[in-house]
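Novice: Structure provided below as structure tokens; questions to follow.
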Amino acid sequence: MKKHFLITILSVLILGTNYLAAQSCAGKQVADNSSYLKLKKGSGFSGSYALPCIQKDYQAEINVPFQTFTTIAHLNGEDTVYAMRIDKISNLPAGLCWATTSANNMFKPGEGGILQFSGVVIDNPGQYNLTMVMSFDTNGDGKFDRTDVNYNIISKTGKLILRVNTTGADCPSIDYTSPGVTASKETSGL
């Protein structure tokens, strides 16, 4: 009985870990093309309106340039950012994964980088409002004291949105007030 229980628990943990990590392009190296230099320092990520539509059932590679935030809002004002780390991105259309120009997804003040989404979308067409969870060092001590920060709350450029269409269809217009499409839980193709 104990043996079956242990095997069940281990199976759930392994499958759960694989699903959570499936949307990160583990080990993928993104080339640094310096496109982030066109953005204002400390501004965060380029606006979703600038991102092309992803065509369902075709290989896609979308680069989102960014500049590390210089400050983030706090209850009584703003905190200075000494380091920023992208921890997790959820609601990615099934078939896509993400990677950055930094192996550990960590960026120092004044640094820029590229967040890349790649893969073959097998999910439904529509607008996918992504949730990016980040951590920040606001004390300058190398420790991330602000964790589980939702990018959509601190963003200066709006929500991070990916749009998916089908061959020959128009790309859906961005609607920042729409809750968007919920990604399926399939992870095939990753």
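Novice: Scan the stretch 78-136 for residues that are within 19 Å of Ser34 (Cα to Cα), assigned to a loop (DSSP other than H, G, I, E, B) and among the charged types (D, E, K, R) and jot them down.
Specialist: Correct list: Lys108, Glu111.
Novice: Checking Val181 against (1) touching a Gly at 6+ places or on another chain (Cβ under 6 Å); (2) under 29 Å from Asn33 (Cβ atoms); (3) at pLDDT below 95: exactly one of these is not met. Which one?
Specialist: Evaluating Val181 over (1) touching a Gly at 6+ places or on another chain (Cβ under 6 Å); (2) under 29 Å from Asn33 (Cβ atoms); (3) at pLDDT below 95 leaves (2) as the failure.
Novice: Go through the stretch 96-129 and count every residue that is at pLDDT below 95, more than 14 Å from the chain's Cα centre (by Cα) and closer than 17 Å to Ala26 by Cα.
Specialist: Of the residues in the stretch 96-129, 1 are at pLDDT below 95, more than 14 Å from the chain's Cα centre (by Cα) and closer than 17 Å to Ala26 by Cα.
Novice: Take the residues in the stretch 33-50 that are assigned to a loop (DSSP other than H, G, I, E, B), modelled with pLDDT under 80 and of a type outside the set (S, T, N, Q); name whichever of them is nearest to Tyr82 (Cα to Cα).
Specialist: Gly42
Novice: Also, I was wondering about something else. Limited to the stretch 71-112, what total is found for residues that are at positive phi and either buried (at least 21 other Cβ atoms within 10 Å of the Cβ) or touching a Pro at 6+ places or on another chain (Cβ under 8 Å) (or both)?
Specialist: Step one: of the stretch 71-112, the residues at positive phi are 77, 91, 95, 105, 110.
If we keep only those that are either buried (at least 21 other Cβ atoms within 10 Å of the Cβ) or touching a Pro at 6+ places or on another chain (Cβ under 8 Å) (or both) too, we end up with 95.
Summing the residues that are at positive phi and either buried (at least 21 other Cβ atoms within 10 Å of the Cβ) or touching a Pro at 6+ places or on another chain (Cβ under 8 Å) (or both) in the stretch 71-112 gives 1.
Novice: Let me ask you something else. Out of all the residues in the stretch 158-173, which are assigned to a loop (DSSP other than H, G, I, E, B) and either more than 14 Å from Val64 (Cβ to Cβ) or polar (S, T, N, Q) (or both)?
Specialist: Of everything in the stretch 158-173, those that are assigned to a loop (DSSP other than H, G, I, E, B) and either more than 14 Å from Val64 (Cβ to Cβ) or polar (S, T, N, Q) (or both) turn out to be Thr166, Thr167, Gly168, Ala169, Asp170, Cys171, Pro172, Ser173.
Novice: Would you pick out the residues in the stretch 97-146 that are among the polar types (S, T, N, Q) and under 30 Å from Ala169 (Cα atoms)? Steps first, please.
Specialist: From the stretch 97-146, those among the polar types (S, T, N, Q) are 100-102, 104-105, 116, 118, 124, 127, 129, 131, 135, 138-139; that's our starting set.
Correct list: Thr100, Gln116, Ser118, Asn124, Gln127, Asn129, Thr131.
Condition check ((1) of a type in the set (Phe, Trp, Tyr); (2) surrounded by 13 or more Cβ atoms within 10 Å (Cβ to Cβ); (3) touching a residue at least 60 places away in the same chain (Cβ under 8 Å)) across all residues:
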site: Lys143; (1), (2), (3): no, no, no
site: Arg146; (1), (2), (3): no, yes, yes
site: Val149; (1), (2), (3): no, yes, yes
site: Ile154; (1), (2), (3): no, yes, yes
site: Thr157; (1), (2), (3): no, yes, yes
site: Leu160; (1), (2), (3): no, yes, yes
site: Gly168; (1), (2), (3): no, no, no
site: Pro172; (1), (2), (3): no, yes, yes
site: Ser178; (1), (2), (3): no, yes, no
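Novice: Name the residues in the stretch 59-84 that are farther than 16 Å from Ser155 by Cα and in contact with a helix residue (DSSP H, G or I) (Cβ under 7 Å, 6 or more places away or on another chain), would you?
Specialist: Asn63
The values are calculated or read from the model by the stated rules, or taken from the named source; none is laboratory data. Just so it is clear, the structure is predicted and the values come from calculations on it, not from any experiment. When we count neighbours, we look across all protein chains shown, and the Cβ atoms used for this are built from the backbone with ideal geometry, even at glycine.
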